[in-house]
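Accompanying notes for the structure given below.
The values are calculated or read from the model by the stated rules, or taken from the named source; none is laboratory data. Note that the coordinates shown come from a computational prediction; the quantities given were computed from them, not determined experimentally. Here the Cβ positions follow ideal geometry from the backbone for every residue, glycine too, while neighbour counts run over all protein chains shown. Only protein heavy atoms, including side chains, enter the accessible area calculation; ligands, DNA and RNA are left aside. Shrake-Rupley method; radii C 1.70, N 1.55, O 1.52, S 1.80 Å.
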Amino acid sequence: MKKLYSALMTAFNDDGSINEAGTREMIRYNIDVNKVDGLYVGGSTGENFNMSHEQKEQVFKIAIDEAKNDVDLIAQVGSLDLNEAKYLAKFVTDLGYPHISAVTPFYYNYTFEQIKDYYNEIVKDVDNELIIYSIPALTGVSLSLDQFDELFENPKIIGIKYTNADFFLLERVRNRFPDKLILSGFDEMLLPALALGVDGAIGSTYNLNAKRAKAEMNAFDAGDIDKARQLQKDSNDLISALIANDIYPSIKLVFKELGVNAGVTKKPMAQPTPEMIAGAKKIYNDYLKEN
Ligand SMILES: CC(=O)N[C@H](C=O)[C@@H](O)[C@H](O)[C@H](O)CO
Ligand SMILES: CC(=O)C(=O)O
């Protein structure tokens, strides 16, 4: 069975502090209504790279406290501060997170040797398994097939969250590492990723659209490609509208239409404008009301 994970959002108050109740509401909605298989905590969608260290700890605590063992949990602990990444890897492992993940270190154009050292350091002192978070469009770091192979020499590194539109590389990765966990990261390209044999998907829009994505996975597994394509088309109408309205703040605004207090994004992410709020209402009415 392929797994579907929502990339958990963090509900913020207007002053940039964490809205704990709202964050818990989103976790519950994902578990109780979306019925996702898991949550990816502290990723891009969670605005991890906007947060203070204390806020990262707070979110990791809230998520596991609310989700308990109801769904799988992956904690993204990667940081430009390797000591922080190592600390958080231990912190979430002690909290009981079954998996960790770490973004490729970015900004300084590290060599592959330095990137490899970063990953080996993060897992060295923790009894946990790590999923590489590869997102070249945001990090500028593209790993090659041979480089993934070298990272996988460490048995604690078990998979890739593959947020990359390079499907040639995805095919090469899938077939070179049949036993590794490959999770697709671009929601709008779920169907081609399924065709190449990914084990599941993690994404921001599953917060709102998990049922359709699950139905698409099921249609694909049943060999009903026409149905899967129709569902991907419907999803992409929604995803296009969310992107045009500014995706992260808009997912939170649509959550409000669903009765979930998702708070706002943290500055410098966009704060809601009247146009954005109207846009989110329209997205809800056009694509989600009947769901
Ligand atoms: C940067 C980012 O948010 N990536 C997400 C996951 O990897 C995706 O879920 C996208 O938000 C989504 O596919 C829309 O492009
Ligand atoms: C999956 C993705 O969106 C994230 O890192 O949040």
**Complete:** Of the listed pairs 86/266; 86/256; 68/124; 233/256, those with alpha carbons more than 32 Å apart are 86/256
**Request:** Using 0.36 nm per residue of separation minus the Cα-Cα distance, give me the extension gain between residue 125 and residue 33 in nm, one decimal.
**Result:** 29.4 nm
**Hits among aspartates and glutamates - C-alpha to C-alpha of residue 281 under 19 Å, sequence gap 8 or more where chains match** = 234, 237, 246, 257, 290
**Request:** Can you tell me which of 118-128, 255-265 comes out highest on packing, and rank the rest after it, using the mean Cβ neighbours within 10 Å?
**Result:** 255-265, 118-128
**Request:** Give me the percent of DSSP beta bridges within the range 1-107 that run antiparallel, rounded to the nearest 5.
**Result:** 10 percent
**Request:** With a/c under 1.5 counting as rounded, go ahead and sort the range 43-160 into rounded, prolate or oblate using the C-alpha gyration tensor (a ≥ b ≥ c being the square roots of the eigenvalues; past the cut-off, prolate if a/b is larger than b/c, else oblate).
**Result:** prolate
**Fill in**
On the formula 1/(1 + (r/R0)^6), with r taken between the Cβ atoms of residue 112 and residue 227 and R0 of 41 Å, the FRET efficiency rounded to 0.05 is 0.45
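For the chain, what is the accessible area per residue in Å², given a 1.4 Å probe and the full set of protein chains?
Details: 12340 Å² over 291 residues.
Averaged over the residues of the chain, the accessible area is 42 Å².
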**Complete:** Farthest towards the positive end of the dipole of the chain, among 185, 143, 276 and with Cβ unit charges of +1 on Lys and Arg and -1 on Asp and Glu, lies the Cα of 276
**Asked** At a 1.4 Å probe, what is the % contribution of carbon and sulfur to the accessible area of the chain?
**Response** 51 percent
**Item:** FRET efficiency for residue 267 and residue 80, using Cβ-Cβ distance with R0 set to 22 Å, rounded to 0.05
**Value:** 0.65
**Message:** Need one word for the chain: rounded, prolate or oblate. Basis is the Cα gyration tensor (sqrt eigenvalues a ≥ b ≥ c); a/c below 1.5 gives rounded, then a/b vs b/c decides.
**Reply:** oblate
**Prompt:** Just how far, in whole angstrom, is the range 13-56 from the range 84-120 if you go by their alpha carbon centroids?
**Reply:** 20 Å
**Charge-dipole axis of the chain as Lys and Arg at +1 and Asp and Glu at -1 on Cβ define it, positive-most pick from 207, 80, 91** = 207
**Asked** Rg to Rh ratio, the range 108-190, alpha-carbon atoms and Kirkwood radius?
**Response** 0.94
**Request:** Kindly rank 206-215, 55-64 from highest to lowest mean number of other beta carbons found within 10 Å of each residue.
**Result:** 206-215, 55-64
